[in-house]
Amino acid sequence: MSTKHIYNKVIGLALAVLTFAACSDTWNDHFDNKGEGMNDQTLWQAISQNGNLSNFAKVVQACGYDKSLNSSQVFTVFAPTNDEFSAEEANELIEAYNAEKGKVTEDDNTVIKEFIQNHIALYNHSVSPTSNDSLTLMNGKKTTLSASSFGNNSILSNNGHYNNGVLFTIQGKSPYFPTVFEYLRKDPDLDSIASFFYNSRFYRKEFYPERSVPGGLENGKTVYLDSVFVQQDDLWDMLWAYTNNEDSTYWVLAPTNKEWKKLIEEYEPYFNYDNNVPFRDSMVYTMPRLAIVGGTSFSRTLNTDEHLTDSAMSTDACETYVYRQYYWGSNNLHYYQYGAKSDVNTMKPFSPTGIFTGTENVECSNGKVLKSDNWKINKLNTFFEWIIIEAEDQSNVREVSKKENSTTKEMEPTIRLTPRTVLNNNRFYGKVWSNEFAEFREMSSTSNHSVTFNIRNVLSNIGYDIYLVTAPALANDSNATAEERIPTKLACTINYHAQNGDTESQVLQSSVTTNPDVVDYILLAEDFKFPTATYGLTESEPQVTLLVETAVKPQEKSSKKFNRIMRIDCIMLVPHGISNVNEERFEIEPHADGDIFQWLKY
């Protein structure tokens, strides 16, 4: 085992020992045994020569830890005696160790981690009659150490000082208390979610050359005397949930295998990527499973008992209005939070239909696993989100119409985008999304004009109601003239990818007249389903676009019945049927003066 790796794991413990007032040893004694009553033997010699520790010694030797306990490195060992640790139990552990040997790393071997390292701490730890302290074991687990007990085990003998550490004997083997993450792999009812989290693509050891000790070159490659590997838990990092950390406390809602299978069958069609998407098979596998586990981890730091009476905020939720606005297009949307008044599911987390009701709760060393065979998280609360494309954000504009300059022969835009702001003294303040919109004013009056918007993160085979939201001239200028307030006519076409990657187009509206003096919600399509998904893709040129163009005839423009100025607030893709959940907040009336805070109010 790498000495440096061990030191890295317990550097916090080494610092804490400076203030370990209840122990009788000095700082130097913490690393060296030079006090009174020291036996001139190693820990391994003492253990192997004690007939009442023969079963423990057998396991230690079979796992190769006799070498460590016979070295100059300093340990404290808590050895169970044969009285309550039988030869049969020892043989079972040795068999389990050999079954995993060569298939997993030594640190991941169950017997090493849950038995050997669960009975050993680094450095010297003695007790006095008044001792009552916390101790960190080699596997990172914390336990209590007093004059009479090691965790829940009674101490039979203490403070046996040897030249490389301290030996205690205890009554029975110390039970291993898994973390939330570790428990997933231990419960056969949770095999499905465990196999996802423990997939080698996400859960792996990563070599850190900068922390390792180089020893020279062989065949042009560096050979390391001491190689340091760090465990990576990529999925938990993505979820902002450190469920393998003993210093944190989490609740994790986990679907049983039956529920997992049902959810996968439901969610897989939503993540059907076209055949040309890089790593398509990996995306099709990963994304539905991420959709299940997203929003299922809850830090108890944020979710106190008091908070949970009202709502539960998962680690995927946004705590601040600024981030909600940035990620979801509105600071009143509360994804991955359950029980908030503005939530799709307004039931509190412990109400009869709440997400925590009816779960089987398993206590772990750093929290709780809540097993569910009746999944109550609504996808409208998590990944099935509103998609809001702000027109004034130039990154959302793919292109505008162009025509050839007769002099330079270069293609030049026929319209210009000008961002407009709604001031707080304007009557449309709070009715325009983000209180900004885009004005596309014609630079050439000889033809109709168009603008193409990028649409990202769509799901496949799931219905959207698609709205084009226009703003009135009065929203930017309360004194706009009658001529400025003339309506326009628009045509809209959606473009998306077929399964083979080809672009398909569908006209949603061939000619629709805007209502010029309101924030106008124009329903372009109802329950529209895309055949392929773009959710989670990083796209420089998104597959899905919306072409918006004026459809005003020359005589209509010359008579000033219509103009060709487009004032576009945003494009909205709203999950179909959401208005049926709570009509007071979510029903959208086309061609009506909207109020986003009416729909999304607390």
**Prompt:** Where the centroid of each part is defined by its Cα atoms, how far is segment 360-410 from segment 84-138 in Å?
**Reply:** 46 Å
**Message:** Using protein chains only and a probe of 1.4 angstrom, how many square angstrom of SER365 are accessible, to the nearest 10?
**Reply:** 40 Å²
**Asked** Ranked from highest to lowest mean number of other Cβ atoms within 10 Å per residue, what is the order of the peptides 50-63, 259-272?
**Response** 50-63, 259-272
**Fill in**
Probe 1.4 Å, heavy atoms of protein chains only: per residue, the accessible area of segment 347-413 in Å² is 50 Å²
**Asked** Leaving out same-chain residues fewer than 8 places away, which lysines sit with a Cα under 26 Å from that of LYS141?
**Response** LYS4, LYS9, LYS58, LYS67, LYS101, LYS103, LYS113, LYS173, LYS186, LYS205, LYS368, LYS371
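Accessible area, 1.4 Å probe, largest first: how do ASP83, ASP527, ASP233 sort?
Values: ASP83 120, ASP527 60, ASP233 30 Å².
Reading off the accessible areas and sorting them downward yields ASP83, ASP527, ASP233.
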**Message:** Beyond a 26 Å Cα-Cα separation, which of these cross-linked pairs lie in this structure: LYS431/LYS529; LYS402/LYS560; LYS258/LYS379?
**Reply:** LYS431/LYS529
**Cα-based reach from LYS262 at 18 Å (exclusive), listing aspartates and glutamates while leaving out same-chain residues under 8 positions away** = ASP189, ASP191, ASP373
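Kirkwood hydrodynamic radius, computed over distinct alpha-carbon pairs, for segment 475-545: how many Å, to one decimal? Could the numbers behind the result be given before it?
Details: mean 1/r = 0.0662 Å⁻¹.
Evaluated on segment 475-545, it is 15.1 Å.
Please sort by residue number the chymotrypsin sites (Phe, Trp or Tyr not before Pro) in segment 421-458 whose DSSP state is loop and whose Cβ has at most 15 other Cβ atoms within 10 Å. List each step's numbers first, then the result.
Numbers: sites: PHE428, TYR429, TRP433, PHE437, PHE440, PHE453; in loops: PHE428, TYR429.
Answer by residue number: TYR429.
The values are calculated or read from the model by the stated rules, or taken from the named source; none is laboratory data. Just so it is clear, the model here is predicted, and its values are computed rather than measured. Methodologically, a virtual Cβ is constructed for each residue, glycine included, from the backbone with ideal geometry; neighbour enumeration extends over all protein chains shown. Accessible surface is based on the protein model in full, side chains and every heavy atom, while ligands, DNA and RNA are left aside. Shrake-Rupley method; radii C 1.70, N 1.55, O 1.52, S 1.80 Å.
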